[in-house]
Each structure stands twice: as C-alpha cells, then as structure tokens.
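Participant: So that we are looking at the same thing, I have put the structure below in structure tokens.
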Amino acid sequence: MGELLFTGGTVVTAEGSYRADVLVENGSISAVGASIGSDGIETVDASGLMIMPGFIDAHTHMDMPFGGTMTADDWATGTEAAAAGGTTTIIDFALQEEGGTLAGAFDAWTEKARDRAVIDYGFHVAITDLRDDIKAELPSLAAKGVASVKIFMAYKGTPLYTEDDDLFETLQLSKDAGVLVLVHAENGDAIAKLQQQALARGDTAPKFHALTRPEAVEAEATNRAIRLAEVAGAPILVVHVSCAPALEAIHLAHERGQTVYAETCPQYFAFEYEDLAREGFEGAKYVCSPPLRDPSNRPALWNGLKTGDLQIFGSDHCAFNYEGQKELGKDDFTLIPNGIPGAEERAMTLWTLGVREGKLSENQFVAALSTNQARIYGAYPRKGTLAPGADADIVLWDPELSTTATVDNRHGNVDYTPYEGRSFTGGPAAVYVRGNLVYKDGEVVGERGSGRFVERKFTATKGLEVRV
Ligand code: URP
Ligand code: ZN
Ligand code: ZN
Ligand code: ZN
C-alpha cells in the first residue's frame, strides 16, 4: 500500500484540536503536521471535517449464544454496523463453553471473526466456570494477546452466572497474570428472587424486566465487586454502568485511590424505562441489562463522563430480532433475550446528546470512544491516537452530518432498530482501517475478512490517571 495524505481537516484527539495534515504510509501514520508536502501523493480532502483516531468499541457480542438463541449479528454484519458508526476496532466477548477451556473460547471466536470482520478486533474471554484447570490456564491468556476477562455476577440460572468466591479468585489470579477483570455487576440472587415473585403475581410484560432489576441491585453488586477487587489488590472494570447509585460506588472508590475503570453505554442516554412500558410487546425491543432507567440518572452519568469516573463509552451491541427472538418472551419477560443493537449509533448518540448539548468536549468524545479504550485495554499507542507509528485507523467526522435511523438504512442484520426515527447531527463521512477505506457516505466498502486480530497487553494505570 502506498501513501495517503489527509489535508485541510482539523485533527481532534483526546489531548486537543488543531489544523494539521495526516500522512499515512503502508497502513501506519507517518506524520502529523501543518504542511506536509503532497507531491505525487494521493490526497483526501478533509476540509470542513474533523480527523479523529478510529473509534474502539470494547463491548460487543457478535455471533454469541445467549438466552437460548444466537445474537442476530455475526462478525460480518456486526462489524459492518460498527464501521458505519466510525468504529475501527471492536473487542468482543469470547464465551467459555460449558465444560470448555479458555483456549477453546479464543479459538472459537477466532473462527467466527476470520473471513468476516471488516475492521480490526480483539477478544475478552468470559470465564463461566473457574475449574482448577481453568485457574491453571488463565495466565496463558496474556501471551495470546488477551488482556482482559469477564465475569457475570448476574444471569443466575444460566451458565454465565458466577458466585463471589470465583469472582474473587479470578481477581487474584488475573492480577498475577497481568489481565484486567471486567464485571457485569448486578445482584443475580436478588434479581432471580424478584423475577420469581413477579411471575407468581402474573406480571409477565417487558416492563417487569426493569422492575425486577432496580438500581440498588446494580449499585450493590458494583460496590461488592469493587471491594472484592480492593481485597485482592487488583484493578477492575465495571461495564455498562446505567445509574447514579452504581456510579456513586465508583466515585467513592476513586476517592479512596482505587484503580477502577468504568463504562457507560448509549442506551442509557437515548432511552428510558418508559420505552420498556410501550404498548403491546414493543417494550421487548428495549430489553437489555442493566435495564433502561429513569432519566433522572442522566446528569450523574454525564458528570461521570466529564470528570473521568466513567472513562469509556461502549455499545454493548447485543442484537436480537424482534421476530422469533425477542418474541421468545411473549408470555414471560424473563425469556426475552437481553440486549439491543447500538454499535452503529454509539458515536452519533454521544455527539448528538453530549457534544452538541455542551455536556462533553470533542476531545472528551474522542477519549471515551477511542483513546481511553485503547489505553485501558492495552492497545495504545498502536490504536487510539493519531501519531507517527500508530495504525492509520481514521474517522473523518462531519460534525454537521444529519441522519435519521430507520431499520432500512441500518448496516446490521436486525429486523428492527430501537433508534427508529431518531435523528442525529454529527456522524462519520469516511472511515479507514490501517489506511484502507471501509466506509464512505453511507456505504460500507470494507472487505469481509480484512480485519486483523489486535494483540493487547494490559498495564494497570491508576484509575484516575486516565482522566481527561
Ligand atoms: O442485555 C445485555 N447487556 N446483553 C448482553 C450481555 C451483557 O450482559 O452484556
Ligand atoms: Zn453485561
Ligand atoms: Zn468522582
Ligand atoms: Zn454486554
């Protein structure tokens, strides 16, 4: 591959914004500067656009078995949806099968991604059964370029659910292995009990998904996980923080100086509890965990993103069709597969509701979508920045691009979008992965199978040092 020069745009990184050209050579950035000579070089006119590092989405579920079915997006359609939202790397959850090993999860996910991914990718391995052989195997993950594992404190009654003793030991082992532990923090026991009680009363509609997962069950588990990490002396990352009480536990940990990373997601800003209570069975389209909350939580979440208590913004893209999948729970909300699509809408939501509304700067936007993700998950500085030596993963962001989401213009493989009719201002005009154009003006043009595995290496950064 030859040279490519992006001219006339404004470079926007986590650190600042300035007018500069960006030179790409052989898939890497070779220079960022005010006036790079363009003689004989193919140029891309970025006038009126922002040149940003490609976005990283470290929370996706492609081709994953869950709730008795498989997620609707595989690695082709799921990464195409992500690319259409400006994402150039995803980090997806490879699930340890019942009776299976961590290497088995890695191999299975490698197979799913190979020949399909249009953007780069890595894996977290979700540990679902911490047998003795898995304890012995865990340290081998780092050498495979897997810098993170995941534990589910929720979903009691499914193979994902993990008790505190195994969470605690995973934290201890991971600390020694140089691996970061991610937690889905909700109290699985309390939820299971509340669900049983609701069903016994005949409360079967989608809204009871939220009513049986109150904010306090998330806050309790968040605090418990953080305190167990403190005892283990391990860093921890709390995914999909949805409400102020859970964030409060994270804030208090930061005040104590504990290394706690935390993520929030677009659905907690775009939607709310009332969406679950929509007429008929429409609410099923909004079932995800933790559930959609009362909008009164939003000021705290925005503040968390601004102050750095929440460092990253991931999609938790976990798509299921309405027909045949969400419908599994028509008579029992506990059977509705949990999850909604959002990889395509992640950045547009954060720009429209966050940057345009003055809640975040454009640099904080880049930090939450790209730079902090790369730093925390151990892909920096190859990913997450625009600097010589970095992969030429580039988003040409049009701050005024006006789009309206509808199921027909989505790039994923889902028969509905929760964002139906939603208008965004700001979006990607073009997206490049290692210098290759993968998306332009509404069309995904990247080749399936061109995405590459990104080896990551976790280095604990004190939680507050990743603040922007
Ligand atoms: O509802 C959700 N979030 N589904 C995906 C699995 C998970 O808990 O992240
Ligand atoms: Zn989760
Ligand atoms: Zn704080
Ligand atoms: Zn998830």
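Participant: Only one of (1) open to solvent by 30 Å² or more (accessible area, probe 1.4 Å); (2) within 16 Å of ligand 2 (Cβ to nearest atom) fails for GLY314. Which number is that?
Facilitator: Condition (1) is where GLY314 drops out.
Participant: Within the set of pairs 6+ apart or on separate chains, which have a first residue in region 1-13 that is in contact (Cβ under 8 Å) with a residue 12 or more places away in the chain, a second that is basic (Lys, Arg), and C-beta atoms under 7 Å apart?
Facilitator: From residues that are in contact (Cβ under 8 Å) with a residue 12 or more places away in the chain, the pairs are THR10/ARG19.
Participant: A further question follows. Applying the selection to region 59-95, what residues are of a type in the set (Ser, Thr, Tyr) and within 13 Å of ligand 1 (Cβ to nearest atom)?
Facilitator: Residues satisfying the conditions are THR60, THR69, THR71.
Participant: Does region 116-133 include one or more residues that are among the polar types (S, T, N, Q) and within 28 Å of LEU437 (Cβ to Cβ)?
Facilitator: Scanning region 116-133, I find no residue that is among the polar types (S, T, N, Q) and within 28 Å of LEU437 (Cβ to Cβ), so the answer is no.
Participant: Hey, ALA319 hits all of (1) within 16 Å of ligand 4 (Cβ to nearest atom); (2) hydrophobic (A, V, I, L, M, F, W, C); (3) part of a helix (DSSP H, G or I) but one; which does it fall short on?
Facilitator: ALA319 satisfies all of (1) within 16 Å of ligand 4 (Cβ to nearest atom); (2) hydrophobic (A, V, I, L, M, F, W, C); (3) part of a helix (DSSP H, G or I) except (3).
Participant: Which pairs have Cβ atoms under 6 Å, sit 6 or more apart or on different chains, and link a residue in region 335-358 that is on the phi < 0 side of the Ramachandran plot and part of a helix (DSSP H, G or I) to one that is more than 16 Å from ligand 1 (Cβ to nearest atom) and of a type in the set (Asp, Glu)?
Facilitator: Qualifying pairs under 6 Å: VAL355/GLU362.
A quick yes/no check of all residues on (1) more than 22 Å from GLY54 (Cβ to Cβ); (2) out of contact with any strand residue (DSSP E or B) (no Cβ under 8 Å at 6 or more places or on another chain); (3) of a type outside the set (D, E, K, R):
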{"residue": "THR404", "(1), (2), (3)": "yes, no, yes"}
{"residue": "ARG410", "(1), (2), (3)": "no, yes, no"}
{"residue": "THR425", "(1), (2), (3)": "no, no, yes"}
{"residue": "GLY435", "(1), (2), (3)": "no, no, yes"}
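Participant: Could you list, in sequence order, the residues of region 76-100 that are in a helix (DSSP H, G or I) and under 21 Å from ARG382 (Cβ atoms)?
Facilitator: THR79, ALA82, ALA83, listed by residue number.
Participant: Which of the residues belonging to region 261-281 are in contact with a helix residue (DSSP H, G or I) (Cβ under 7 Å, 6 or more places away or on another chain) and over 17 Å from LYS306 (Cβ atoms)?
Facilitator: ALA270, PHE271, GLU272, TYR273, ASP275, LEU276, ALA277
Participant: Which of the residues belonging to region 264-297 are more than 13 Å from ILE340 (Cα to Cα) and open to solvent by less than 50 Å² (accessible area, probe 1.4 Å)?
Facilitator: THR264, PHE269, ALA277, PHE281, ARG293, PRO295, ASN297
Participant: Output the residue which, of all residues in region 64-75 that are in contact (Cβ under 8 Å) with a residue 24 or more places away in the chain and outside any loop (DSSP other than H, G, I, E, B), is surrounded by the fewest Cβ atoms within 10 Å (Cβ to Cβ).
Facilitator: Of everything passing the filter in region 64-75, PRO65 is surrounded by the fewest Cβ atoms within 10 Å (Cβ to Cβ).
The values are calculated or read from the model by the stated rules, or taken from the named source; none is laboratory data. These figures come from a predicted structure and were not determined experimentally. Positions of Cβ are backbone-derived with ideal geometry, glycine not excepted, and every protein chain shown enters the neighbour counts. For the accessible areas, the whole protein counts, side chains as well, though only heavy atoms, and no ligand, DNA or RNA atoms are used. Shrake-Rupley method; radii C 1.70, N 1.55, O 1.52, S 1.80 Å.
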